[in-house]
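Comments concern the structure below.
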Amino acid sequence: ETGVTQSPTHLIKTRGQQVTLRCSSQSGHNTVSWYQQALGQGPQFIFQYYREEENGRGNFPPRFSGLQFPNYSSELNVNALELDDSALYLCASSQETTGGHGYTFGSGTRLTVV
Amino acid sequence: RKEVEQDPGPFNVPEGATVAFNCTYSNSASQSFFWYRQDCRKEPKLLMSVYSSGNEDGRFTAQLNRASQYISLLIRDSKLSDSATYLCVVRDSGNTPLVFGKGTRLSVIA
């Protein structure tokens, strides 16, 4: 059983640029959630995708957007990058129909905006 | 008021010590509760779920008080390998996202 994989592991971007982060969900999981973790903070929920549709969103501006594909993998896109977007971006997959916890986190993408 | 609040850290304790972490949550409708462990520059990993009756996993004991909206984690006989950040996590129900506290950093010293 493969876990959650994220790419790239590290990324440096310039303020104003756009970035796409990728996540492959664990086999058998149909839901993907994205979290942003700034230094010294807990992860903050960005949004969640289930069956290729966004079905929950945290307090993040529209320049944070995403996609989920038929194979349940997902992308997080951030436009017009700001310095405060520098953080660890975590993807978690789960199988919502089974209930319980069942979250598996990827190892994250560390984004630095300069 | 933050949804999930934890003790400020860091906690620096000697090997073998007992250490307790506390957490409060604001949404009385929350249904699921967890403690996660996060090593430096790594992803969070589930340490244990927290049940109303309290539960134990080896040296780790978790307690939940729904009336006070309070969660605790007790670590007995601390090991150097317990050094990490401990995150208190709450989930409202079903398909809702995990809500994380800020985390409390633990350093176990030889």
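Just so you know, all these numbers are worked out from the coordinates, no wet-lab data involved. A quick note: this is a predicted structure, and the numbers were derived from the prediction, not measured. FYI the Cβ positions are ideal-geometry reconstructions off the backbone, even for glycines, and counts take in every protein chain you see.
Details
- First in segment B:34-54 and within 10 Å of chain A (Cβ to nearest Cβ) and of a type in the set (Gly, Ala, Ser), second anywhere and part of a strand (DSSP E or B) and buried (at least 20 other Cβ atoms within 10 Å of the Cβ), Cβ under 8 Å, 6 or more apart: B:Ser49/B:Phe33; B:Ser49/B:Phe34; B:Ser49/B:Ala62
- Selection from segment A:29-51 of residues that are assigned to a loop (DSSP other than H, G, I, E, B) and surrounded by 13 or more Cβ atoms within 10 Å (Cβ to Cβ): A:His29, A:Asn30, A:Ala38, A:Gln41, A:Gly42, A:Pro43
- Qualifying residue in segment A:55-67 (condition: touching a Cys at 6+ places or on another chain (Cβ under 8 Å) and in a strand (DSSP E or B)): no
- Restricting A:Pro8, A:Pro61 to those that are loosely packed, with under 14 Cβ neighbours inside 10 Å, free of Cβ contacts under 8 Å to residues at least 12 places away in the same chain and out of contact with any helix residue (DSSP H, G or I) (no Cβ under 7 Å at 6 or more places or on another chain) reduces the list to A:Pro61.
- Of all residues in segment A:20-44 being on the phi < 0 side of the Ramachandran plot and without any contact (Cβ under 8 Å) to a residue 40 or more places away in the chain, the one that is farthest from the other protein chains (Cβ to nearest Cβ): A:Ser27
- Residue list for segment B:17-61, restricted to those being aromatic (Phe, Trp, Tyr) and surrounded by fewer than 19 Cβ atoms within 10 Å (Cβ to Cβ): B:Tyr51, B:Phe60
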